[in-house]
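Undergrad: Input: one structure, supplied below.
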Amino acid sequence: MIPCPSCGRELKTVITTYDVPFFGKVLLTSISCECGFKHADSVVVDTKEPTRYKIKINRHNLYTKVIRSTSGTIRIPEIGVSVEPGPASQAFVTNLEGVLDRIEGIVRMAMRWNAEDEKKVKRCEWILERIRNTIEGDEELTLILEDPFGNSMVVSDDAFREIMSKEEAEGLKKGLTVFDITGLSEEELLERGL
């Protein structure tokens, strides 16, 4: 029995796998309680070769699809931005403009938190200006998407894709606890709660 963190009653647990385009096999978990408590999560089970994508962002390709798994790292070197996975990292599907919007939101929050530090505020303003210039077509920024498990991608013929070396992949943050489950069947995974 797994007790509900809200009321202590027994939780209803559902675990299943599902094949998701671009991601492969995904383990879906859902827990719920009569009191209304709910939690759901998904974990990509398949791993592929560690991969890096690079693409120049400009006003002509803002709608290019970006798929970032929980282990994907996004970098935009021209503005010094890195979005690395952490323990609560979530996968998402968006486009290049959506990535810039997410970064813009984080930069605006950092600007509010550092309102007393003029140097940090100016740096945030500079980043926001570069993002706005890219969306309006006056500049280009480079998006680099790296994934040690190969589950992230930029869906475009204009994106440069390369396989990363084992050493490069080992240097990336994973964003999750990694279990080595090589050789276990789907039934064995479910028996172990994985």
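Undergrad: With each pseudo-label sitting 7 Å past Cα toward Cβ, what's the T142-I2 distance in nm, one decimal?
TA: In this crude spin-label approximation the distance works out to 4.3 nm.
Undergrad: So which residue, out of P148, P77, P85, gets the largest mean-square fluctuation from a GNM of the chain using Cα contacts under 10 Å as springs?
TA: In the Gaussian network model the winner is P77.
Undergrad: If you take the charge dipole of the chain about its Cα centre, with +1 on Lys and Arg Cβ and -1 on Asp and Glu Cβ, which of W126, M153, S82 is farthest toward its positive end?
TA: Looking along the dipole axis, the top candidate is W126.
Undergrad: Moving on. Hey, what angle do you get for helix 96-113 against the long axis of the chain, alpha-carbon based, 0 to 90 degrees rounded to 10?
TA: Approximately 80 degrees, to the nearest 10.
Undergrad: Looking at this model, which pairs from K65/K174; K54/K173; K25/K174; K54/K166; K56/K166; K48/K122 are more than 29 angstrom apart at the alpha-carbon?
TA: Numbers: K65/K174 22 Å; K54/K173 18 Å; K25/K174 18 Å; K54/K166 18 Å; K56/K166 25 Å; K48/K122 41 Å.
From K65/K174; K54/K173; K25/K174; K54/K166; K56/K166; K48/K122, over 29 Å: K48/K122.
Undergrad: If you don't mind, another one. Could you list the chymotrypsin sites (Phe, Trp or Tyr not before Pro) in segment 22-59 that lie in coil according to DSSP, counting only those with at most 15 other Cβ atoms within 10 Å of their Cβ? Walk me through the numbers on the way to the answer.
TA: Details: sites: F22, F23, F37, Y53; in loops: F22, F23, F37.
The qualifying sites are F22, F37.
Undergrad: Name the cysteines of the chain that stand alone by the Cβ rule: no other cysteine Cβ under 4.7 angstrom.
TA: Cysteines lacking a close Cβ partner in the chain: C124.
Undergrad: Something else: Select one label from (1) 37; (2) 10; (3) 32: the one whose number is percent of Cα pairs over 31 Å apart as derived from the coordinates shown.
TA: Read-out from the structure maps to (3).
Undergrad: Let me ask you something else. Which of the GluC sites (Glu not before Pro) found in segment 22-118 are loop residues per DSSP with 13 or fewer other Cβ atoms within 10 Å of their Cβ? All intermediate terms of the calculation are to be shown ahead of the outcome.
TA: Working: sites: E34, E78, E97, E104, E116, E118; in loops: E34, E116.
Passing both the DSSP loop test and the Cβ count: E34, E116.
Undergrad: Label H60 and K25 with points 7 Å out from Cα along Cα→Cβ: what is the distance between them in nm?
TA: My value for the distance between the label points is 4.2 nm.
No lab work stands behind these numbers, since they all come straight from the coordinates. All values derive from a computational prediction rather than experimental measurement. Reconstructed Cβ throughout: ideal geometry from the backbone, glycine too, with neighbour counts over all protein chains shown.
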